[in-house]
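Trainee: I'd like to ask you about the structure that follows.
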Amino acid sequence: MVIGKICRFGGGFRSCVLLPSTRLFTSSATMAKSKFEYVRNFETDDTCLRNCYIVVRLDGRNFHKFAEQHSFTKPNDNRALGLMARSARSVMEELEDIAIAYGQSDEFSFVFKRTSTWFKRRASKLMTHVASQFSSSYVFFWKEFFGEQPLSYPPSFDGRVVLYPSNRNLRDYLSWRQADCHINNLYNTVFWTLVQKGGLTTTQAEDRLKGTLAADKNEILFSEFDINYNNESALHKKGTTLIWEKRDETITKRMKLPNEEEKDVSVTRSRRRVEAYHCDIIGDQFWEEHPDILEDDNC
């Protein structure tokens with residue numbers, strides 16, 4: 001189809017013709033083929049296996065330096081942990097096929113449903129969308145948690161995609177991450193207590209803890225500093241678990257009923273929201289209380 005158009009040249013007007021090939025906008029679906037299109041054959045098929053949970057795990061890149069640069073409180077900075085959880089919530093709200101997410105320290109794992117077809121289950125698409133949404137949210141919500149403290153440079157997160165075919169595999173993965181949270185937090189709690197309250201250097205504290213077991217670390221805290229590790233914050237010991245939950249919300253609306261004057265009416269509706277838990281997810285109780293997270297192994 002040839003389209004006529006009046007075009008302006010210099011100080012006057014002339015009639016000109018737009019050929020079909022000069023269209024300014026063309027959708028990718030209707031884009032004309034070219035001799036260069038063969039390069040698409042070099043793309044790797046990274047479609048995730050069906051009927052598997054897709055886990056995208058993000059880790060802060062060189063976050064030890066980032067924490068030092070931004071004066072994070074040791075052993076735990078609640079501002080930083082809150083920002084991580086807020087960024088993870090943003091990811092879940094954007095990608096609603098994430099059934100559960102778990103995070104601790106500078107990492108977060110996002111579990112996509114077995115039945116998810118988001119981005120045609122392409123690993124690269126899932127990972128990059130999660131990483132970009134998380135990273136941009138971390139920067140966007142920084143002031144909400146750190147106030148006027150400036151963000152000296154942008155953080156970065158690396159990601160990986162792992163598939164888990166069964167509920168037991170997935171639960172064991174999440175249990176592994178929570179066990180890692182406990183081990184690291186116990187060590188860091190004792191280490192920084194020895195430094196901040198015991199007057200040791202970081203080298204001396206490290207030497208003191210070499211070869212110690214969990215019972216030894218608990219004993220140091222209790223006998224030398226009167227600290228019962230069991231009373232430490234569940235956020236620090238258990239990490240953060242995010243799941244979708246339905247909650248009833250009641251709002252007041254101004255309504256005009258038939259043959260009546262306007263009046264305020266209470267309306268209750270159910271909404272899905274991302275809720276945070278700082279609890280044990282290794283045992284069965286959490287999963288029994290939230291049976292809709294896992295999908296049937298027999299499907």
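Trainee: Name the residue, out of A99, A214, A80, whose mean-square fluctuation peaks in a Gaussian network model built on the chain with Cα pairs under 10 Å.
Mentor: Comparing A99, A214, A80 in a Gaussian network model of the chain, the most mobile one is A214.
Trainee: What do you get for the angle between helix 123-140 and the principal long axis of the chain? Use alpha-carbon atoms, 0 to 90 degrees, nearest ten.
Mentor: For helix 123-140, the angle is close to 70 degrees.
Trainee: If you don't mind, there's one more thing I want to ask. As a test of the formula, what do you get for the chain when each DSSP H run with n ≥ 4 contributes -39,500 (n - 2.57) and the sum is divided by the residue count, at 222 nm and rounded to the nearest 500 deg cm²/dmol? Don't skip to the answer; put the middle values down first.
Mentor: Values: 9 runs with 107 residues, N = 299.
Rounded to the nearest 500, it is -11000 deg cm²/dmol.
Trainee: Taking K and R as +1 and D and E as -1, what net charge do the other residues with C-beta under 15 Å from the C-beta of K74 add up to? The partial results should precede the final answer.
Mentor: Details: positive: K65, R79, K197; negative: E68, D77, D106, E206, E232.
In short, -2.
Trainee: Under the rule of at least 5 residues apart or a separate chain, name every residue whose amide H is placed under 5 Å from the amide H of I100.
Mentor: V111
Trainee: Just the Cα atoms of the range 236-299, one point each, no solvent: what log10 I(q)/I(0) does Debye give at q = 0.17 Å⁻¹?
Mentor: -0.75
Trainee: Could you give me the ³J(HN,Hα) list for the range 199-210, computed from phi with Karplus coefficients 6.51, -1.76, 1.60 and θ = phi - 60°, whole Hz, x at Gly and Pro?
Mentor: Along the range 199-210, the couplings run x, 7, 6, 5, 5, 5, 5, 5, 5, 4, 8, 4 Hz.
Trainee: Express the C-alpha Rg of the chain as a ratio against the empirical globular expectation 2.2 N^0.38 Å, rounded to two decimals.
Mentor: 1.41
Trainee: Express the accessible area of the range 31-189 per residue in Å², computed with a 1.4 Å probe while the remaining protein chains stay in the model.
Mentor: 53
Trainee: How would you rank 157-168, 263-274, highest first, on the average number of other Cβ atoms within 10 Å across their residues?
Mentor: 157-168, 263-274
Trainee: Additional query: Are there any GluC sites (Glu not before Pro) in the range 85-129 that are in a DSSP loop and have at most 13 other Cβ atoms within 10 Å? List them by number.
Mentor: On the way: sites: E93, E94, E96, E107; in loops: E96.
Loop-located and lightly packed - E96.
Trainee: Can you tell me, using C-alpha contacts under 8 Å and at least 6 residues apart, the relative contact order of the chain as a whole percent?
Mentor: Reported relative contact order: 18 percent.
Trainee: Could you give the nm distance between label points at T202 and S152, where each point is 7 Å from its Cα heading toward the beta carbon?
Mentor: 1.3
Trainee: If you don't mind, another one. Among the listed pairs K65/K113; K65/K143; K143/K238; K65/K246; K65/K217, which have their C-alpha atoms separated by more than 28 angstrom in this model?
Mentor: K65/K113; K65/K246
Trainee: Using a/c under 1.5 as the rounded threshold, could you call the range 98-256 rounded, prolate or oblate? The axes a ≥ b ≥ c are square roots of the C-alpha gyration tensor eigenvalues, and prolate needs a/b larger than b/c, oblate otherwise.
Mentor: Values: a/c = 1.86, a/b = 1.62, b/c = 1.15.
In terms of gyration-tensor shape, prolate.
Trainee: Can you list the aspartates and glutamates whose alpha carbon sits under 19 Å from that of K35, skipping same-chain ones fewer than 8 residues off?
Mentor: E43
Trainee: Specify the inter-centroid distance of the range 194-215 and the range 264-289, based on alpha-carbon positions, in whole Å.
Mentor: 40
The values are calculated or read from the model by the stated rules, or taken from the named source; none is laboratory data. Keep in mind it's a predicted model, so treat the numbers as computed, not measured. So basically every Cβ, Gly included, is an ideal-geometry build from the backbone, and we count neighbours across all protein chains shown. Accessible surface areas use protein heavy atoms only, side chains included; no ligands, DNA or RNA. Shrake-Rupley method; radii C 1.70, N 1.55, O 1.52, S 1.80 Å.
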